Amino acid sequence: MKSSLSLKLACAFVISAMLALPDLTFAQSKQEFVTVGTGGVTGVYYPVGGAICRLVDKGRRAKEHNIRCTVESTGASVFNVNAIRSGDLSMGIVQSDTQYYAYNGTEQFEAAGPDKDLRALFSLQSEAFTLVARNDADIKTFDDLPGKRMNLGDPGSGNRNTLELLMKEYGWTPETYKLATDLKPAEMAGALCDNKIDAYVYVVGHPNGSIQEAANTCSSHVVPVVGPKVEEFMKKYPFYPEAVIPGGMYKGTDTDVKTFGPRATLLTNASLSDDIAYEITKAVFANLDEFKKLHPALADLTPENMLEGNSVPYHPGAIKYFKEAGLME
């Protein structure tokens, strides 16, 4: 009798376990993986990408969705666009100017042609075209750069592309400089302080680790980028509005510095599912106060200005959230 009862209980346990398996398998099969391409680890893109994934993971732990978000350090804007285009990245943080060129197949994307499948989720921090120079290099304005040792930036980055566009406005080429290097963001401050270069440009949100390193390690300062040619440049490329780097943010730069710059945007492809685009957008906007505290560059974000500066169509999943939140009709 006992053995018969034990047998029945054992069978019931096995059947219950088997019945539970389909639910587990279903849950596992629904898990979605997304990767956010960012930039160098000393820049703003990398920690901002981490902040986005942190909020997405918060929603996953709360069982609002089953999206697992990871961050990848990359060569920044242009690299991210190309990786999104090839399917190697789900999303990437990209300058608004770079996404414009990629969508329309102009500038460095002319050979590849337009990519009309690019979609934006939302805008992020404003970025400033930041010229950092050694104090002993006698560089007081952007016009003082000819004949100096200049870092042009990492090939393929939006940072370098912006500088090269402005150089075209001035009629400059790499030969304009005494030395033109292509150092990555993580290498720039060290090269400046080791007296290997006189200046470098970084299109980035502030405060920034590389610029802080240069300011704290050697005598350097942030240089204004203004004047008639810069004004003409901004008229020609309206996605480069004016920007101001606050005085006192960096040692050696006590007053506000005027320049220009694009906005960073979270870019993806039309193939990303509407549900994933919606959940990622919601994760950031619904936790905006928390998001802004995760990096100083995000402090000035508002729901309204996160819909500014974009230069490609929004993803339908993002639009769905914007309409629900009353940000879009």
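Give the residues of segment 213-261 that are among the β-branched types (Val, Ile, Thr), under 24 Å from the mean Cα position of the chain (by Cα) and assigned to a loop (DSSP other than H, G, I, E, B), sorted by residue number.
VAL225, the sole residue that qualifies.
Taking segment 124-141, which residues are among the hydroxyl-bearing types (Ser, Thr, Tyr) and either under 18 Å from PHE79 (Cβ atoms) or modelled with pLDDT of 95 or more (or both)?
THR130, THR141, listed by residue number.
So, of the residues in segment 207-216 that are of a type outside the set (Asp, Glu) and in contact with a helix residue (DSSP H, G or I) (Cβ under 6 Å, 6 or more places away or on another chain), which turns out to be surrounded by the most Cβ atoms within 10 Å (Cβ to Cβ)?
From segment 207-216, those of a type outside the set (Asp, Glu) are 207-212, 214-216; that's our starting set.
With in contact with a helix residue (DSSP H, G or I) (Cβ under 6 Å, 6 or more places away or on another chain) added as a condition, the list becomes 207, 210, 214.
Working: PRO207: 16, SER210: 24, ALA214: 28.
Across segment 207-216, the extreme among qualifying residues is ALA214.
Among the residues of segment 142-159, write down those that are at pLDDT below 95 and either in a helix (DSSP H, G or I) or not polar (S, T, N, Q) (or both).
Answer for segment 142-159, where residues must be at pLDDT below 95 and either in a helix (DSSP H, G or I) or not polar (S, T, N, Q) (or both): GLY153, ASP154, PRO155, GLY156, GLY158, ASN159.
Which ones in segment 72-114 are among the small types (Gly, Ala, Ser), assigned to a loop (DSSP other than H, G, I, E, B) and either touching a Cys at 6+ places or on another chain (Cβ under 6 Å) or under 22 Å from LYS282 (Cα atoms) (or both)? Lay out the reasoning, then the answer.
Residues of segment 72-114 among the small types (Gly, Ala, Ser): 73, 75-77, 83, 86-87, 90, 92, 96, 102, 105, 111-113.
Retained after the next criterion (residues that are assigned to a loop (DSSP other than H, G, I, E, B)): 73, 75-76, 87, 90, 105, 111-113.
Passing the criteria: only SER90.
Here's a check for you: in segment 43-57, which residue that is more than 21 Å from ASP274 (Cβ to Cβ) and not hydrophobic (A, V, I, L, M, F, W, C) is surrounded by the most Cβ atoms within 10 Å (Cβ to Cβ)?
Per the stated criteria, the residue is TYR45.
Could you tell me which residue of segment 58-114 is surrounded by the fewest Cβ atoms within 10 Å (Cβ to Cβ), considering only residues that are under 14 Å from LEU165 (Cβ atoms) and in contact with a Ser or Thr (Cβ under 8 Å, 6 or more places away or on another chain)?
Selected residue: TYR100.
Which of (1) free of Cβ contacts under 8 Å to residues at least 24 places away in the same chain; (2) out of contact with any strand residue (DSSP E or B) (no Cβ under 7 Å at 6 or more places or on another chain) does SER157 not meet, given it meets every other one?
If we test SER157 against (1) free of Cβ contacts under 8 Å to residues at least 24 places away in the same chain; (2) out of contact with any strand residue (DSSP E or B) (no Cβ under 7 Å at 6 or more places or on another chain), just (1) comes out false.
Give the residues of segment 115-131 that are surrounded by fewer than 24 Cβ atoms within 10 Å (Cβ to Cβ) and part of a loop (DSSP other than H, G, I, E, B), sorted by residue number.
The answer is ASP115, LYS116, ASP117.
Looking at segment 168-208 only, could you name the residues that are of a type outside the set (Ser, Thr, Tyr), over 30 Å from PRO296 (Cα atoms) and assigned to a helix (DSSP H, G or I)?
LYS168, GLU169, PRO174, GLU175
When you look at CYS193, is it hydrophobic (A, V, I, L, M, F, W, C) and over 25 Å from PRO155 (Cβ atoms), yes or no?
When the stated conditions are applied, CYS193 does not pass them.
Listed residues ALA283, ALA297, ALA264; which is assigned to a strand (DSSP E or B) and either of a type in the set (A, V, I, L, M, F, W, C) or buried (at least 22 other Cβ atoms within 10 Å of the Cβ) (or both)?
ALA264
Which of (1) out of contact with any helix residue (DSSP H, G or I) (no Cβ under 6 Å at 6 or more places or on another chain); (2) free of Cβ contacts under 8 Å to residues at least 24 places away in the same chain; (3) surrounded by 16 or more Cβ atoms within 10 Å (Cβ to Cβ) does GLU242 not meet, given it meets every other one?
Unmet for GLU242, out of (1) out of contact with any helix residue (DSSP H, G or I) (no Cβ under 6 Å at 6 or more places or on another chain); (2) free of Cβ contacts under 8 Å to residues at least 24 places away in the same chain; (3) surrounded by 16 or more Cβ atoms within 10 Å (Cβ to Cβ): (3).
List the number of the failed condition for ASP182; all other conditions in (1) under 30 Å from LEU121 (Cβ atoms); (2) surrounded by fewer than 18 Cβ atoms within 10 Å (Cβ to Cβ); (3) under 22 Å from the mean Cα position of the chain (by Cα); (4) touching a residue at least 12 places away in the same chain (Cβ under 8 Å) hold.
(1)
Which of the following residues is on the phi > 0 side of the Ramachandran plot and under 25 Å from the mean Cα position of the chain (by Cα): GLY158, GLY190, GLY153?
Exactly one residue qualifies, and that residue is GLY153.
Tally up the residues in segment 169-214 that are of a type in the set (Lys, Arg) and at pLDDT 95 or above, please. Steps first, please.
Residues of segment 169-214 that are of a type in the set (Lys, Arg), as a first pass: 178, 184, 196.
Filter again for at pLDDT 95 or above, leaving 178, 196.
Adding up the residues that qualify gives 2.
State whether the residues of segment 20-42 include one that is within 30 Å of the chain's Cα centre (by Cα), more than 22 Å from ILE276 (Cβ to Cβ) and either part of a helix (DSSP H, G or I) or modelled with pLDDT of 90 or more (or both).
yes
Can you tell me which residue in segment 305-327 is surrounded by the fewest Cβ atoms within 10 Å (Cβ to Cβ), limited to those that are at pLDDT 95 or above and over 22 Å from VAL34 (Cβ atoms)?
Only one residue tops the list, namely GLY326.
The values are calculated or read from the model by the stated rules, or taken from the named source; none is laboratory data. Here the structure is a predicted model, which means the values were calculated and not measured. Cβ atoms come from the backbone with ideal geometry, glycine included; neighbour counts cover every protein chain shown.
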